[in-house]
Amino acid sequence: MDNKPRVDKINYYLDISQTVAERATCLRRKFGAIIVNNDEIISTGYVGAPRGRVNCSDLGHCMREKLNIPKGQRYELCRSVHAEANCIISAPRTLMIGSTLYLACLDAKTGELYGDVEPCSMCKRLIINAGIAQVIVRTTPSEYKVFNVKDWVDNDSSLSENEGY
């Protein structure tokens, strides 16, 4: 009989999102996301080119990497749809309201967990509009950080003090 303690619910869902990340086709980072509401998985998503287009993993190169573009910049040059976006695209908004998005990231070259991440500004906007209440990001095999989406609304970093709003 196994005496290993039962994994807590948050890490259970993070384990699933990490497994989803293994399907990702990005050559830099493999993200996996799941949306859970009322203890049911609503949808899953991973990083990959839009349906019908060739993935970077099939091309054998990443344009952002070729151009030495740093993490978090120039996403318009990326072929992929982010995991969070793919997850949201696959779910009805009525089921996402008040839900939790779980996110895990693996280094594409080493397969190791890459925990210093959070959704990009574009994905934050999608998450806000989807009605998702919180995002939980895996930082280590058993630890995570929690983002309350309302904080992204209340502390809108896209507005500067000079915009006059």
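The values are calculated or read from the model by the stated rules, or taken from the named source; none is laboratory data. Here the structure is a predicted model, which means the values were calculated and not measured. Positions of Cβ are backbone-derived with ideal geometry, glycine not excepted, and every protein chain shown enters the neighbour counts. Heads up: the accessible areas ignore ligands, DNA and RNA and are worked out on the full protein's heavy atoms, side chains in. Shrake-Rupley method; radii C 1.70, N 1.55, O 1.52, S 1.80 Å.
Things worth noting here:
- Annotation note: of 109, 145, 71, the sole residue that is among the basic types (Lys, Arg), farther than 22 Å from residue 26 by Cα and over 11 Å from the mean Cα position of the chain (by Cα) is 145.
- Which listed residue, of 130, 108, is in contact (Cβ under 8 Å) with a residue 12 or more places away in the chain, out of contact with any strand residue (DSSP E or B) (no Cβ under 7 Å at 6 or more places or on another chain) and open to solvent by less than 60 Å² (accessible area, probe 1.4 Å): 130
- Contact map, the range 1-27: first residue within 25 Å of residue 38 (Cβ to Cβ) and modelled with pLDDT of 95 or more, second residue open to solvent by less than 80 Å² (accessible area, probe 1.4 Å) and assigned to a helix (DSSP H, G or I), Cβ cut-off under 8 Å, separation 6 or more or different chains; pairs are 20/83; 21/83.
- Residues that are at pLDDT 80 or above and in contact with a strand residue (DSSP E or B) (Cβ under 9 Å, 6 or more places away or on another chain) within the range 61-80 comprise 79, 80, listed in sequence order.
- Of the residues 27, 14, the single one that is more than 22 Å from residue 140 (Cβ to Cβ), surrounded by 15 or more Cβ atoms within 10 Å (Cβ to Cβ) and not small (Gly, Ala, Ser) is 27.
- Being without any contact (Cβ under 8 Å) to a residue 40 or more places away in the chain, open to solvent by 20 Å² or more (accessible area, probe 1.4 Å) and small (Gly, Ala, Ser) is not true of residue 48.
- Listed by first and then second residue, the pairs linking a residue in the range 72-84 that is free of Cβ contacts under 8 Å to residues at least 60 places away in the same chain and on the phi > 0 side of the Ramachandran plot to a residue that is of a type outside the set (A, V, I, L, M, F, W, C) and open to solvent by less than 60 Å² (accessible area, probe 1.4 Å), with Cβ atoms under 8 Å apart and 6 or more places separating them unless they lie on different chains, are 74/64.
- Sole exception among (1) open to solvent by 20 Å² or more (accessible area, probe 1.4 Å); (2) of a type in the set (Ser, Thr, Tyr); (3) over 17 Å from residue 121 (Cα atoms) for residue 43, by number: (1)
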